[in-house]
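Dropping a structure here in structure tokens format, bear with me for questions.
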Amino acid sequence: MKDYLCEDTIAAISTPIGKGAIGIVRISGKEALSILKKIFRTKSGKKKEAFEDRKMHYGIAVDDKGETIDEVLVVYMEAPKTFTGEDVVEIHSHGGIYVVRKILRAVLSFGARLADPGEFTKRAFIHGKIDLVQAEAINEIINASSELSLKVAVNHLKGALSRKIEEIMDRLFHLKALIEAAVDFPEEDIEIIESAKVKEEIKWAIDEIKTLLKTYDDGKILREGIKIAIVGKPNVGKSSLLNALLKEERAIVTEIPGTTRDVIEESITLKGIPVRLIDTAGIREAEDKVEKIGISRSLEKLKEADIVLFLIDGAQGFTEEDENIYSIVKDNPNTIIVINKGDLPLKVSCERFEKECVVISAKTGKGIDRLTETIMEKLLLQPETILKESDTIITSERHKELLSKALKSLEKLLESLEKGFESPEFLSIDLDSAIDAIGEITGKRTVEDMLDIIFSTFCIGK
Ligand code: GDP
């Protein structure tokens, strides 16, 4: 990677914009220390010439006219053992929008340039501190919206995915060396490429890539959430349950049957797993047109759902209308029966059903915890939603595309081998394209343009 990219010194506000106890301006690059010397004064107003590595100093920050901006704590971290691999300085001031901006402005006036979005992480990558998968993981961590997506992102940062990719890379490279030897020394009488061995290696790589690609579907749960549909006739308390789970009054609750006409979707996290709750219109013989549309959409949604919560108004008992809906959902293994209005005298009990059943009161919140647990137990029984923390999970579309590309090339290569085409030059083409695709994932072989695409989705200061 060309180093001229990092000639200048960059700076940015690294804490969220807004009021906070402290705000941090981060500087990275060759001029970081000299800028620190220009902006920092000791409490008695003197300049300071020496800053110990990784030690906090208390003093004041001044602007280019020597005017005091704020009291600060500063730290200088010497390259290369820093996040970016360059000299890094952090200036901690009081956290107000105005103060932090003023410090940044002073830093810029002393010779730094405002960092582009993601530029600190980009420099960490350029200096070999992290690979691309890890750089992307930093973005994932910042954007993680649930406990689980955070865990997966942290795993990526720790390098679990990178190590797997590198293992595949190493073995393909080894194969390439063998094939190249055959190209370079064709007259040698040694059987350099043993076709069986090559086939075995290619098959191994294909299996590994397929396993990784399969995890993209698990990753889908992280991106899109587990889908839970709430069904039941009008007025059983679907919106109320949705609200109880959301703990916010977002769906409109009314006493006129059939008011939740359309499908309402909300996203929440249950026990750290992102969940999309789908409140469906009551399934019943609809009289009017609007409701009919709502009902057909409800049935559609039911097919997509990972979990179906079938709600019954327990105070009313099990009516014919409930019976009709039950006939639709009872064969679905993902259905959980929920008897609502448990705060009132009940006319129906769980014994009536052979499926999992929970009594709740959406109004008082009674039984909601038990319901959440039942949902989790059911999800864990579905093999496709088992999410093992230690697993390397593909969550990025970019990784998926590149792995699919590599897979295609390797499958083509295997096919050629099986048809008996064993000319090394010929084999090299597909192998190279597989290696290129995999290499692009960690960025060990990548073009600068691609960097810009990835890092431009970052925010400034990261
Ligand atoms: P939906 O049509 O299925 O969405 O039902 P709603 O959530 O709009 O609820 C219909 C009515 O039942 C409202 O008056 C709610 O206050 C009431 N309701 C919902 N859940 C409960 C409950 O657990 N206990 C009692 N007593 N009333 C409830």
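I want to check the label-to-label distance for Thr364 and Ala177. Put each point 7 Å from Cα in the C-beta direction and report it in nm to one decimal.
Taking the two extended label points, one gets 7.2 nm.
As a footprinting exposure proxy, order Val329, Val154, Val133, Val107 by other Cβ within 10 Å, with the fewest listed first.
Val154, Val329, Val133, Val107
I would also like to ask the following. Taking neighbour Cβ counts within 10 Å as the exposure measure, how do Leu245, Leu114 sort from fewest upward?
Leu114, Leu245
Relative to the compact-globule scaling 2.2 N^0.38 Å, provide the ratio for the alpha-carbon radius of gyration of segment 10-131.
0.99
Order by neighbour count: Ile142, Ile209, Ile24, fewest other Cβ atoms within 10 Å first, most last.
Ile142, Ile24, Ile209
For Arg352 and Lys47 in one chain, what is 0.36 nm times their gap in residues minus the Cα-Cα distance, to one decimal in nm?
Extra length available between Arg352 and Lys47 comes to 101.6 nm.
Right, here's the next one. Work out the FRET efficiency for Ile17 and Lys210 from their Cβ-Cβ distance, taking R0 = 41 Å, and round it to the nearest 0.05.
Result of the calculation: an efficiency of 0.40.
Continuing with the same structure: Hey, what's the Kirkwood Rh for segment 36-101 if you take every pair of different alpha carbons, in angstrom?
About 12.4 Å for segment 36-101.
In debye, nearest 20, what is the charge dipole magnitude of segment 1-146 about its Cα centre with +1 on Lys and Arg Cβ and -1 on Asp and Glu Cβ, if you could check?
540 debye
Which residue, chosen from Ala137, Pro117, Ile69, occupies the Cα position most advanced towards the positive end of the dipole of segment 38-157, where the dipole is computed from +1 (Lys, Arg) and -1 (Asp, Glu) charges on Cβ about the Cα centre?
Looking along the dipole axis, the top candidate is Ile69.
Run the dipole for segment 307-354 about the Cα centre, Lys and Arg Cβ at +1, Asp and Glu Cβ at -1, nothing else charged, and hand back the magnitude in debye, nearest 20.
140 debye
Read-outs throughout are calculated quantities, based only on the coordinates presented, and are distinct from any laboratory measurement. Keep in mind the model is a prediction, meaning the values are calculated, not measured. When we count neighbours, we look across all protein chains shown, and the Cβ atoms used for this are built from the backbone with ideal geometry, even at glycine.
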